[in-house]
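Take a look at the structure below.
The values are calculated or read from the model by the stated rules, or taken from the named source; none is laboratory data. No experiment lies behind these values; they were computed from the predicted model shown. Note that we place each Cβ from the backbone using ideal geometry, even for glycine, and neighbour counts take in every protein chain shown. SASA here: full protein model, heavy atoms, side chains in, ligands and nucleic acids out. Shrake-Rupley method; radii C 1.70, N 1.55, O 1.52, S 1.80 Å.
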Amino acid sequence: MTVGLFNYWACVVLMLIGLYTAIARPNLIKKLIGLGMFQVAVFLLYISMGKVSGGTPPILHTSGEAYSNPLPHVLILTAIVVGIATLSLGLALVVRIWEAYQTLEEDEIVERDHD
Amino acid sequence: MTEITDVALLIFMVILAVAISRMQNLFMVAVMMGIFSFLSAVVFTLLDAVDVAFTEAAVGAGVSTVLLLGTLALTTREEKVAKQKNAFALLAVIATGGALIYGTLDMPHYGDANAPVHTHVADRYIEKSGEEIGVPNIVTSVLASYRGYDTLGETTVIFTAGIGVILLLGRALRKGEKS
């Protein structure tokens with residue numbers, strides 16, 4: 001069975017679901033969750049590119065098998081940690097918005113601003 | 001076998017993502033997001049990215065679920081029902097999707113050892129890092145030594161985010177004590 005481009009297409013679909021959730025849902029927590037799904041899709045895209053068929057994890061050994069590419073792994077390790085930093089800052093803003101408006105729905109917040 | 005598992009898990013993730021997007025109960029959404037992260041960690045293991053897998057399992061499934069649940073405890077658990085379907089958002093998403101799929105068409109296939117991504121700096125890391133750095137795990141060598149400045153920058157981002165959270169929430173907590 002050949003996977004071909006399936007991994008990339010699955011990543012694209014996950015990205016689109018995340019993007020739609022972030023744009024279309026008025027709830028602020030749901031928007032952050034959509035952003036999180038989008039991020040995971042980007043991670044999967046990078047890691048899929050690093051895979052070598054029949055390769056092993058990039059830890060030195062002497063059996064002569066090929067290694068998968070370690071570089072995307074390093075980049076995505078950094079991205080995961082940065083992702084959690086943005087998520088925590090976003091959630092802190094959500095808590096402050098809840099204290100000020102008592103709602104997390106974007107349309108209600110805009111309405112209250114116009115009152 | 002690996003390929004079949006990979007495809008099956010990715011299909012699971014898509015189904016789970018649709019479920020998360022449609023769900024109204026934010027508590028369930030937070031827990032499902034944890035499952036989503038764990039599934040992605042399994043896919044990372046299949047794709048030989050073991051370091052990424054355990055970071056995703058610890059940080060993505062662990063810490064971010066805790067942060068989400070903490071936020072829900074401080075705010076609300078229910079999302080209000082959306083009033084109308086957002087046609088503009090759907091259009092934007094479909095246009096983006098078309099562009100992205102078009103972009104994948106001439107990409108190297110899964111597992112291709114001759115893909116451009118494997119032919120530049122990665123070879124040097126694999127061949128030389130053992131004698132230059134002396135750590136068996138190549139990802140660790142690259143992360144801490146060859147690309148050490150990246151990691152320094154990452155630490156700066158975490159520090160900044162931490163200060164931001166303290167400034168945002170610390171003020172609210174002090175106010176709460178006064179009243």
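Taking only alpha carbon atoms, the range B:1-79 gives an Rg to Rh ratio of 1.04, where Rh is the Kirkwood radius. When only alpha carbons are used to place a centre, the range B:97-142 and the range A:49-102 end up 15 Å from one another. Mean sequence separation of contacting Cα pairs (under 8 Å, at least six apart), scaled by the length of chain B, corresponds to a relative contact order of 14 percent. The dipole here belongs to the range B:93-166: it is taken about the Cα centre, uses +1 on the Cβ of Lys and Arg and -1 on the Cβ of Asp and Glu, and is about 180 debye. Under the Kirkwood approximation applied to all pairs of distinct alpha-carbon atoms, what is the hydrodynamic radius of chain B in Å? It is 20.6 Å. Stretching B:Thr2 away from B:Met23 to a fully extended chain increases their span by 4.4 nm, per 0.36 nm per residue minus the current alpha-carbon distance. Once the partner protein chains are put back, the range B:139-159 shows a loss of at least 20 square angstrom of accessible area, versus the chain by itself, at B:Val139, B:Val142, B:Leu143, B:Arg147, B:Asp150, B:Glu154, B:Val157, B:Ile158 (probe 1.4 Å, ligands and nucleic acids excluded).
Which aspartates and glutamates, on any chain, are close to A:Lys31 with Cα under 17 Å apart, when same-chain ones fewer than 8 places away are left out? Partners found: A:Glu105, A:Glu106, A:Asp107, A:Glu108, B:Glu78, B:Glu79.
Taking N as the residue count of the protein assembly as shown, its C-alpha radius of gyration divided by 2.2 N^0.38 Å amounts to 1.09. The calculated pair-distance distribution of chain A uses every alpha carbon pair, bins of 10 angstrom beginning at 0, and gives 13, 30, 26, 16, 9, 4, 1, 0 percent.
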